[in-house]
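What follows is a single structure, written as C-alpha cells, with notes after it.
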Amino acid sequence: MREFLDQIGPYVLAILVHAAAAGVLVLAVEWPGFRKSVPAPVESVQATVVDEERVQLELRRIRDRETAKRREEEERAEAARAQREHEERRLAEMRDRRQQEKEESRREADRLRTERERLIEERNRAEQERQNANAARIAEEQRRQEAETARHAEERRRQEAETARVDEERRRQEAEVARVTEERRQREAETARQAEEKRRVEAESAARRAEERQRLEVEKARRRKEIEMVRRRAEEERRASQAEADRRRQEEERARRELLAREQQRLDQERKAIFAKALEEYIGAIQSSVTRSWRRPTGVPAGLKCTVSVVQANNGKVLRVEITQSSGNVAFDRSVEQAVLSASPLPPPRQRALFDREIVFLFNPRS
C-alpha cells in the first residue's frame with residue numbers, strides 16, 4: 001500500500017495543482033456579476049504562485065499525515081511482531097522446559113529401574129547363598145546321620161556277636177551237662193554191671209552207690225544253679241545293653257528333634273525377616289509414589305510430617321484417605337490427601353501376600 005501511494009503521489013500532486021489553477025481562472029472569468037478586467041501580467045503570476053504555495057503546503061500536510069499514519073501503522077506492526085516473537089519465545093521456553101522435565105523423568109525412571117534391578121539381583125544372590133548354605137548343612141546332616149546309622153549297625157553287630165557268644169556258652173554248658181549225664185549213665189551202667197557181678201558186696205556197693213548218687217545229685221544241682229546264674233546274668237546283660245541302646249536312641253532322637261526345631265525356628269525367623277523387608281519396600285514404594293505426586297502449598301514451612309491411612313481396592317485404586325495423626329497444618333494435611341489421590345492407583349507389592357486394603361504410613365517429605 002505504501003509503495004502504491006509513493007508511486008501515484010507526484011501525479012496526484014500535479015493534478016491538484018492544475019485543478020486549483022483552473023478553478024481560479026474559472027472564478028476569475030465566469031463568476032456572475034464579476035467585472036471582467038484584464039489583469040496585469042504581474043498580478044496573474046503572483047496569484048498563481050500563491051495558489052501553488054498553498055497547494056504545496058496542503059500537499060505537505062497530506063504527506064505528513066500519511067507519513068504519521070504510516071509511522072503509526074509501522075509502530076503497531078512492530079509491536080505486533082514483537083508480541084508474536086515474545087509469545088513464540090515463551091512457547092519455545094515452555095516446550096524446552098517440558099522436554100527437560102520429560103528427560104529428567106526418564107532419567108529418574110532409568111535410575112529407579114537400575115536400582116530395582118540391582119536390589120533384585122542382590123536379593124537373588126543372597127537367596128542363592130542361603131540355599132547353598134542350607135544344602136551344605138543338609139548334606140552334612142545326612143553324612144552325620146549315615147555315620148550314626150553305621151555306628152548303630154556296628155553296635156547291633158556287636159550285640160549280636162555277644163548274644164551268639166552267650167548262646168555258644170550256653171550250648172557249651174549244656175554239652176557239659178550232657179557229658180556229665182552221659183558219664184553218670186555210663187557210671188551207673190558200670191555200677192549195675194559191677195553190682196551184677198558182685199552180689200556179694202551188694203550192701204557195701206549199695207551204700208557206695210547211694211553216696212555217689214547223692215554226690216552226683218549235689219553236683220548236678222550245683223551245675224544247674226551255675227547254668228541258671230550264667231543264663232540269668234547273660235539275660236541281665238542283654239537287657240542292660242538293650243536299655244542302654246534304647247536310652248541312646250531316645251537321646252539321639254531328642255537331639256535330632258531339638259536340632260530340627262531350632263532349624264525350623266531359624267527358617268521361620270528368616271521368612272519373617274524377608275516378609276518384613278518386602279513389606280517395608282512395598283510401603284516405601286507407596287511413600288515414593290505419594291511424594292512424587294505431592295506439591296508443597298505456598299507458605300507451608302519445611303519439616304512437617306503426618307500419619308496417613310489409605311484404603312485401597314485390589315487394583316491399587318485409592319478409595320479413602322484419612323490423616324490419622326495431623327501435622328498441625330491444615331494446608332499441609334490437605335496437600336498430602338490430594339497427593340495420595342493423585343498417586344492412585346498405588347504401586348502393587350512384589351508378593352500378593354503383602355497386599356493390604358488399609359495401608360498406614362508416615363509421610364515425611366525431605367524438601
Residue list for segment 151-175, filter: closer than 16 Å to A234 by Cβ and exposed (fewer than 14 other Cβ atoms within 10 Å of the Cβ): R158, E160, A161, A164, R165, D167, E168, R171, R172, E174
For segment 103-117, what are the residues that are of a type in the set (K, R) and either assigned by TED's automatic domain parsing to the domain that holds L259 or closer than 18 Å to P347 by Cβ (or both)? R111, R113, R116
Within the bounds of segment 109-117, is there any residue that is closer than 30 Å to S241 by Cβ, in a helix (DSSP H, G or I) and among the basic types (K, R)? no
Give the residue that is surrounded by the fewest Cβ atoms within 10 Å (Cβ to Cβ), with candidates limited to residues of segment 338-355 that are touching a Ser or Thr at 6+ places or on another chain (Cβ under 7 Å) and closer than 11 Å to Y282 by Cβ. P347
Among the residues of segment 204-219, which ones are under 16 Å from R185 (Cβ atoms) and among the acidic types (D, E)? E212, E217, E219
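Residue by residue, here is whether (1) more than 23 Å from L119 (Cβ to Cβ); (2) surrounded by 12 or more Cβ atoms within 10 Å (Cβ to Cβ); (3) of a type in the set (K, R) holds:
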position: S288; (1), (2), (3): no, yes, no
position: N314; (1), (2), (3): yes, no, no
position: Q325; (1), (2), (3): yes, yes, no
position: V336; (1), (2), (3): yes, yes, no
position: R357; (1), (2), (3): yes, no, yes
position: L362; (1), (2), (3): no, no, no
With E141, E196 as the choices, which residue is farther than 17 Å from V230 by Cα, surrounded by 10 or more Cβ atoms within 10 Å (Cβ to Cβ) and of a type outside the set (V, I, T)? E141
Among the numbered criteria (1) modelled with pLDDT under 90; (2) exposed (fewer than 14 other Cβ atoms within 10 Å of the Cβ); (3) not in a loop (DSSP other than H, G, I, E, B), which one does R249 miss? (1)
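A quick yes/no check of all residues on (1) in contact with a strand residue (DSSP E or B) (Cβ under 9 Å, 6 or more places away or on another chain); (2) among the polar types (S, T, N, Q):
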| site | (1), (2) |
| --- | --- |
| T291 | yes, yes |
| A302 | no, no |
| A313 | yes, no |
| T324 | yes, yes |
| A343 | yes, no |
| Q351 | no, yes |
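Conditions tested, residue by residue: (1) at pLDDT 90 or above; (2) over 58 Å from the mean Cα position of the chain (by Cα); (3) under 30 Å from E176 (Cβ atoms).
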site: L216; (1), (2), (3): no, yes, yes
site: Q269; (1), (2), (3): no, no, no
site: A276; (1), (2), (3): no, no, no
site: E281; (1), (2), (3): yes, no, no
site: R295; (1), (2), (3): yes, no, no
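So which residues in segment 338-367 are under 14 Å from K305 (Cβ atoms) and either in a loop (DSSP other than H, G, I, E, B) or acidic (D, E) (or both)? I'd like the intermediate steps shown before the answer.
Our first condition is that a residue be under 14 Å from K305 (Cβ atoms); within segment 338-367, this holds for 339, 360-367.
Across segment 338-367, the qualifying residues are N364, P365, R366, S367.
Inspect all residues belonging to segment 281-298 and state whether any of them is over 29 Å from E104 (Cβ atoms) and either of a type in the set (V, I, T) or out of contact with any Asp or Glu (no Cβ under 8 Å at 6 or more places or on another chain) (or both).
So far as segment 281-298 goes, no, none of its residues is over 29 Å from E104 (Cβ atoms) and either of a type in the set (V, I, T) or out of contact with any Asp or Glu (no Cβ under 8 Å at 6 or more places or on another chain) (or both).
Given the residues Q269, Q287, which is the only one that is assigned by TED's automatic domain parsing to the domain that holds T181 and of a type in the set (S, T, N, Q)?
Q269
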Single residue of G303, G316 found to be small (G, A, S), on the phi > 0 side of the Ramachandran plot, part of a loop (DSSP other than H, G, I, E, B) and under 22 Å from the mean Cα position of the chain (by Cα): G316
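The values are calculated or read from the model by the stated rules, or taken from the named source; none is laboratory data. Everything quoted here is computed from the prediction, not taken from an experiment. Neighbour counts are summed over all protein chains in view; Cβ atoms, including those assigned to glycine, are modelled from backbone coordinates with ideal geometry.
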